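Student: Please find one structure pasted underneath; my questions will follow.
The values are calculated or read from the model by the stated rules, or taken from the named source; none is laboratory data. Remember, it's a predicted structure, so these values are computed and weren't measured experimentally. Glycine also receives a Cβ, built like all others from the backbone with ideal geometry; neighbour counts cover every protein chain displayed.
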Amino acid sequence: MAQGVELLPPDILAAKSDQVIPADTFKKDAPWVIGMSWPGTGNTWIVQTIQEINYAAAQNPSIKEFRFVDAGWQPAKQVSDIEDLLTNKVDALLVLPIADDLVKAQVDAAVKAGIPVVVFAKLENLPGATVNVYGGGEPFGRAGGEFLKDRLGGKGTIWAFRGIAGSGEETARYNGFREAIEGTDIKIGAEVFGDWNYPKAKQLCENLVATGQPVDGIWFSGADMTRACFDVFNELGSPLVPMTGEANNGFLRAWKEAGADSVGPIFTPGLGPAILRAAVALLEGKEVNRYYYSDPQPITAENFDDYYRPDLNDAYWFPSTLPADEIEKSFKR
């Protein structure tokens, strides 16, 4: 395996390709203008990730300007945003696609014009990009599925709380979960779309508990929905079953307070700065791998205390690339 540049600690993000971008391929004298096309805002993970990217860009004196544009979850606007960035002569382009196939032409055009492009997407989905970074998705869903498979001994009935129907990230998380339980005697007794939303998931969970149908564990595509079910089970006096969550401080607090049996798959906000670091390395003329993949060990009961920060608020996500003083300033409870 070619080494290339380390973008994050290797237990968080590792090179997964023998292909490299040779040294000096995109080398360019500083200072640089780097453009980033972001899909949209909406939750605390996104807020923290953007904060970490902007912080990393501001700390690099070689970056003259960091042009960040938000598509507002509109695919057509994202295409237009990328075209505008290219027209205005960026030295490198970063893209988190709403839909990979819809930005393929723009990514290919940028690379053809000599502009390195770093994308958050599977290598096979946007093979024309210079560097691909990927995490969340299948690894996230698989970590939860493996946890439930272990807890249930490969048999029993699971409820599945999915995210927003049609979202690429939601589908990938669900596929990872299904892969983990494939070949077992675990059955999905109910499958609902909670939209990664606490109020909607709470109503859905109340409805399911009211039916009296058996459940041995619950898989969640996002921990706001897990917290909703924690509350439903506790309010109704029902014994908690194993439920999956994610690496968010508010969820870890709820996990601890509920005395639950859970797991926290990690989808680090550090993936944002990692994409920026890849672009910087290319412009510096360093050898960079084509593909980086994030599949870290999840938070468990055994390593819980290594992550949970009772002194920080519920909006904090693990692990962060921000220095300790910035974390304290932004997330102090």
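Student: Which residue is surrounded by the most Cβ atoms within 10 Å (Cβ to Cβ), if the candidates are limited to the stretch 1-14 and must be more than 23 Å from the chain's Cα centre (by Cα) and among the hydrophobic types (A, V, I, L, M, F, W, C)?
Tutor: Restricting attention to the stretch 1-14, the residues satisfying the condition of being more than 23 Å from the chain's Cα centre (by Cα) are 1-3.
Keeping just the survivors that are among the hydrophobic types (A, V, I, L, M, F, W, C) gives 1-2.
On the way: Met1: 9, Ala2: 12.
My answer is Ala2.
Student: Select, from Ser17, Ser62, Ser80, the only residue that is within 24 Å of the chain's Cα centre (by Cα) and of a type in the set (Ser, Thr, Tyr). It would help to see each step written out before you state the result.
Tutor: Working: Ser62 fails: within 24 Å of the chain's Cα centre (by Cα); Ser80 fails: within 24 Å of the chain's Cα centre (by Cα).
After applying the criteria, what remains is Ser17.
Student: Given the conditions (1) in contact (Cβ under 8 Å) with a residue 24 or more places away in the chain; (2) closer than 17 Å to Gly217 by Cβ, report the number of the one that Ile266 does not fulfil.
Tutor: (2)
Student: With respect to Ala190, is the statement that it is buried (at least 22 other Cβ atoms within 10 Å of the Cβ), hydrophobic (A, V, I, L, M, F, W, C) and touching a residue at least 12 places away in the same chain (Cβ under 8 Å) true?
Tutor: Working: buried (at least 22 other Cβ atoms within 10 Å of the Cβ): no; hydrophobic (A, V, I, L, M, F, W, C): yes; touching a residue at least 12 places away in the same chain (Cβ under 8 Å): yes.
When the stated conditions are applied, Ala190 does not pass them.
Student: Filter the stretch 1-50 down to the residues that are of a type in the set (Asp, Glu), in contact (Cβ under 8 Å) with a residue 12 or more places away in the chain and under 22 Å from Lys122 (Cβ atoms) and list them by number.
Tutor: Of the stretch 1-50, the ones of a type in the set (Asp, Glu) are 6, 11, 18, 24, 29.
So of that shortlist, the ones also in contact (Cβ under 8 Å) with a residue 12 or more places away in the chain come out as 11, 18, 24.
Within the stretch 1-50, Asp11, Asp18 meet the criteria.
Student: Next up: Being of a type in the set (A, V, I, L, M) and closer than 16 Å to Glu284 by Cα narrows it down to one residue among Ala30, Ala71; which is it?
Tutor: On the way: Ala71 fails: closer than 16 Å to Glu284 by Cα.
The unique qualifying residue is Ala30.
Student: Only residues that are of a type outside the set (Phe, Trp, Tyr) and in contact with a strand residue (DSSP E or B) (Cβ under 9 Å, 6 or more places away or on another chain): list them for the stretch 287-297, please. Give the derivation first.
Tutor: Start the filter on the stretch 287-297 by keeping residues that are of a type outside the set (Phe, Trp, Tyr), which leaves 287-290, 294-297.
Matches in the stretch 287-297: Glu287, Val288, Asn289, Arg290, Ser294, Asp295.
Student: From Glu235, Glu246, Glu326, grab the single residue that is outside the structural domain of Arg162 (by TED's automatic domain parsing), of a type in the set (D, E, K, R) and either over 28 Å from Ala92 (Cα atoms) or touching a residue at least 24 places away in the same chain (Cβ under 8 Å) (or both).
Tutor: Of Glu235, Glu246, Glu326, the one residue that is outside the structural domain of Arg162 (by TED's automatic domain parsing), of a type in the set (D, E, K, R) and either over 28 Å from Ala92 (Cα atoms) or touching a residue at least 24 places away in the same chain (Cβ under 8 Å) (or both) is Glu326.
Student: Looking at the stretch 26-50 only, could you name the residues that are farther than 24 Å from Asp224 by Cβ and not in a loop (DSSP other than H, G, I, E, B)? Quick ask: steps written out before the conclusion?
Tutor: Kept after step one, since they are farther than 24 Å from Asp224 by Cβ, are these residues of the stretch 26-50: 26-37.
Of everything in the stretch 26-50, those that are farther than 24 Å from Asp224 by Cβ and not in a loop (DSSP other than H, G, I, E, B) turn out to be Trp32, Val33, Ile34, Gly35, Met36, Ser37.
Student: A further question on this structure: If I ask for residues that are at pLDDT 95 or above and within 15 Å of the chain's Cα centre (by Cα), which ones from the stretch 159-170 would you list?
Tutor: Of the stretch 159-170, the ones at pLDDT 95 or above are 159-162.
Within the stretch 159-170, no residue meets the criteria.
Student: Please indicate, with yes or no, whether at least one residue in the stretch 51-61 is out of contact with any Gly (no Cβ under 6 Å at 6 or more places or on another chain), part of a loop (DSSP other than H, G, I, E, B), free of Cβ contacts under 8 Å to residues at least 24 places away in the same chain and surrounded by fewer than 16 Cβ atoms within 10 Å (Cβ to Cβ). Steps first, please.
Tutor: Filtering the stretch 51-61 down to residues out of contact with any Gly (no Cβ under 6 Å at 6 or more places or on another chain) leaves 51, 54-61.
Next cut, part of a loop (DSSP other than H, G, I, E, B) only: 59-61.
Right, trim to free of Cβ contacts under 8 Å to residues at least 24 places away in the same chain and you get 59.
Adding the requirement that they be surrounded by fewer than 16 Cβ atoms within 10 Å (Cβ to Cβ) leaves 59.
The answer is yes; a qualifying residue exists.
Student: For Gln213, all conditions in the list (1) assigned to a loop (DSSP other than H, G, I, E, B); (2) under 26 Å from Glu257 (Cβ atoms) hold save one; what is the number of the exception?
Tutor: Looking at each condition in turn, Gln213 falls short on (2).
Student: Still on this structure, I have one more. Being hydroxyl-bearing (Ser, Thr, Tyr), surrounded by 20 or more Cβ atoms within 10 Å (Cβ to Cβ) and either in contact with a Ser or Thr (Cβ under 9 Å, 6 or more places away or on another chain) or within 30 Å of Gly237 (Cα to Cα) (or both) is the requirement here; does Tyr198 meet it?
Tutor: Judged against the criteria, Tyr198 is not a match.
Student: For Lys64, are the conditions met, namely being basic (Lys, Arg), part of a helix (DSSP H, G or I) and surrounded by fewer than 19 Cβ atoms within 10 Å (Cβ to Cβ)? Talk me through it step by step, then tell me what you get.
Tutor: Details: basic (Lys, Arg): yes; part of a helix (DSSP H, G or I): no; surrounded by fewer than 19 Cβ atoms within 10 Å (Cβ to Cβ): yes.
So Lys64 fails the test.
Student: Criterion first (under 22 Å from the mean Cα position of the chain (by Cα), crowded, with 21+ Cβ neighbours inside 10 Å, assigned by TED's automatic domain parsing to the domain that holds Cys229 and over 22 Å from Gly237 (Cβ atoms)) does Arg173 satisfy it?
Tutor: Working: under 22 Å from the mean Cα position of the chain (by Cα): yes; crowded, with 21+ Cβ neighbours inside 10 Å: yes; assigned by TED's automatic domain parsing to the domain that holds Cys229: yes; over 22 Å from Gly237 (Cβ atoms): yes.
Yes: the conditions hold for Arg173.
Student: Across the stretch 27-42, what is the total count of residues that are surrounded by fewer than 16 Cβ atoms within 10 Å (Cβ to Cβ) and within 17 Å of Trp317 (Cβ to Cβ)?
Tutor: 2
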